Amino acid sequence: MTRSDREPGEGNKAPVSGDLAASTGGDSAHTRVVRNQAPHHQSVAKATLWVCGLGPDDGPAPCLLDGKPMDLTTRPPRAIEGFPGAGAAPAAVLLPARQGNPSPWVLIVKPGASVHVNGLPVLAGIRVASHRDEIRVEHQAPLYFSTETPATVEAFPGGPRPVHCPRCKLAIGAGAPAVRCPNCGVWHHQLEDRPCYTYAGGCAACGAPTALDGGYQWVPEAP
Ligand SMILES: [Zn+2]
Ligand SMILES: [Zn+2]
């Protein structure tokens with residue numbers, strides 16, 4: 001049973017146990033999809049948090065999120081190891097859900113804390129962060145969440161099944177210099193004699209611009 005199967009008006013109810021069973025393993029199609037995910041798709045969840053109020057001009061500065069939970073109450077936000085117990089938890093933490101590809105980032109707000117996303121309070125204490133969300137924690141300068149990450153050349157992590165470059169159609173060897181498109185997550189070769197990622201102005205899979213270290217397509221305006 002999916003959300004869309006429900007009658008109108010049912011959507012606000014908490015899921016009953018039958019729904020939970022269906023979404024966590026009762027559905028064979030769903031389990032098959034999860035099992036088929038290659039490990040490189042489970043690589044570190046990345047995103048960017050734009051932080052205001054740090055420099056002399058107070059303009060937004062990018063802070064790369066690399067899979068670690070972030071305490072949003074400090075400036076700059078600080079990575080925390082693991083998730084602290086409820087009593088010690090910071091008022092607002094941003095962490096990757098570690099499910100799905102790309103993995104969504106989730107904002108967890110402690111009861112009673114004043115945290116607003118796009119001007120609205122986070123009432124349920126949890127919210128999936130969306131591209132361009134403005135996050136305000138208490139009276140601090142705003143943060144902006146972005147799903148973008150700058151494209152960089154990395155050693156291809158490899159996996160159990162061959163992964164083919166969408167530009168040249170050849171397999172990408174484990175450890176080979178490669179670029180993961182920040183927009184669609186598809187890997188391309190980026191060797192000196194086979195610079196598939198930068199070969200054209202657009203990603204071979206999704207067409208997004210392929211400038212290396214070319215910065216961000218979206219930069220929040222200073223508040
Ligand atoms: Zn290639
Ligand atoms: Zn792409």
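A short reminder: the numbers here are calculations on the coordinates, not readings from a lab. Not measured: the values here are computed from a predicted model. Don't worry about glycine lacking a Cβ; one is built from the backbone with ideal geometry, like all the others, and counts go over all protein chains shown.
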Over region 129-223, consider all pairs of different Cα atoms and compute the Kirkwood hydrodynamic radius from their mean reciprocal separation; express it in Å, one decimal. 14.8
Quick check on region 42-146: take the gyration tensor over C-alpha atoms, sort the square-rooted eigenvalues as a ≥ b ≥ c, and tell me if it's rounded (a/c under 1.5), prolate or oblate. rounded
May I ask for the net charge around V106, where only other residues with Cβ less than 10 Å from the Cβ of V106 are counted and Lys, Arg are +1 while Asp, Glu are -1? +2
Taking the Cα centre of region 42-146 as the origin, how large is its charge dipole in debye, to the nearest 20, when only Lys and Arg (+1) and Asp and Glu (-1) carry charge on their Cβ atoms? 260
